[in-house]
Amino acid sequence: MNGRIFGQALFSLHGKDLRIIYILCCDTGIMDLLGSKIQDLLPGDTNHFIQKLEEKVTALQYRSDEDLQLQIVLEMAKRMDLRGAHLSADQELEEYVGQIIIIAERRMAEQDSHYKGYKNNNADAGPLQSMVHFQLDQLLQLAVKEIDSASADARSEYVQKVEKFIQAMPEEKQTQIKQQLGVDKLTNEMLQRIVATSGASVLFAAIVEVSGFAFYTTATSLLASLAGLFGVTLSFGTYTALTSFVAVLASPIFLLLLLGGGGFFLYRSQNQKLQNKMLPILILQITLPFLSGQQEIVSYTPLITLWKTSHDQYQILRTKIRDIERTLEDGKKQIASLTGEIRSKEQTIFENNLSIENAKAALKTKLIQTDLEQLQVSNRFTVLAARYIEMRREAGSIRHSKQYNEAGLMGWIRDQVKSVSNHMDLSELQRRQNELLNKLLNEVLAGTQEWGREERERIYITKQHNQDLRHHIVKLQRERADYELQQERQQTTLTDLRKEQKSYELRIYGLEHI
């Protein structure tokens, strides 16, 4: 029932009233708006708050009603920490706004000790009824207090407005009011006498008993129109433009009173805390006009259609994101697999190179141990072999000369000098021998002779294998580069889609929860 009443009330709002509710509920500059109303209480100041409110209302004139209504529902749900839910049917929507009312009422009881006491004394009332009645009673008590303490002229003006309200009621309701007050007629003079002798509370109680919610809207509007209200000089013309109950409660005076604090609170309070305190007022603003008037059933179809369209687009976006994430994950696995394959082949090449070097070292050892003059490899090999043999003999001669020592100190010195010289000569010969040995090895590897065939063929096969591996590595690297390029493009697309997804989530609260 809470959800149905509140849902119907919200979707009955249109035009300026709806936009005022939207601004007070969803506008991120709400703190500045409420802070500006402090200036409204200063004598001689113009109504900055009303002016700003009007400007914002005008700026929203091209936004659709269903868009604003949906945003109000979702903003309230967000403040109540209520997770998003499907809003694709009337029942789902009413259940959702019903949860908002339940949580808002529970928090109001936690934050407001006066309301908690009121709730305990009215345990049979539902959450929505309890919140609305409590705030209305506060306004009514305010009206009673002010009219009882007002000057005779102000009181007379107020009673005249109440009289007009009563005269506009059906005859049977006027009769009921007479019975409640114990009078025969409801003239201005009689009403003035009742207020003067019994107080405004007696008059108001009788009217509320008969007219119900309808009188609250009138009482509030009349209260706002009184000049000198609460000792503050307000231009009567300021409030003549406030033609609805929603607009009246959006005036700085009533926001200040219903928030329960003065300028100090408004400037010091955190925005979130202030917004939470605003929620019961918004619920009152939304609900009371519906309860006070003709309760015609309104359709949720425009709002549900808008939500479903956003939801469906969001789901399409989410599917695209999941598909790209899977593609990226598959691409990541492919790149990892290709990288592993490349490293494996590079390791094989490394091991093959070690095998080649070992085979060459074995052949070099074999060459050293072989009679090179007997090997028939090539003419170049024969020439190189002769030079290698000559160097080997020269090295042997140097080593042999080191065995002869001269006597005496000078002999020892000459031996040391000769030893150093021989060592240098021997090192140079060994270097040149090693160069020749490498050239001899190259001749053996390039030849076709039987000697060294096994090693030569093994080295050749291994080199060919390495060449094939390198070609394959180049192919794998190109394939990996293609995957990496695709990954980069997909990641860019994913980033754009996630930004779009975030935009949806910021615009339509709760989509991420579904």
Mean Cβ neighbour count within 10 Å, used as a protection proxy, ranking 168-180, 118-130 highest first: 118-130, 168-180
Could I have the simple spin-label model distance between residue 446 and residue 481, label points 7 Å from Cα toward Cβ, reported in nm to one decimal? 3.4
Mind checking which lysines have their C-alpha under 29 Å from residue 364, skipping anything on the same chain fewer than 8 residues away? 345, 402, 439, 463
Excluding residues on the same chain fewer than 8 positions from residue 119, give the aspartates and glutamates whose Cα lies under 15 Å from its Cα. 105, 110, 137
Applying the Karplus parametrisation 6.51 cos²θ - 1.76 cosθ + 1.60 with θ = phi - 60° to the phi angles of region 167-172, what ³J(HN,Hα) value in whole Hz is obtained for each residue in order, glycine and proline being reported as x? 5, 7, 7, x, 4, 5
Compare the peptides 62-70, 464-472 by average per-residue count of other Cβ atoms within 10 angstrom and give them in order, highest first. 62-70, 464-472
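Each value in this text was obtained by applying a stated rule to the coordinates, not by laboratory testing. Here the structure is a predicted model, which means the values were calculated and not measured. Cβ atoms come from the backbone with ideal geometry, glycine included; neighbour counts cover every protein chain shown.
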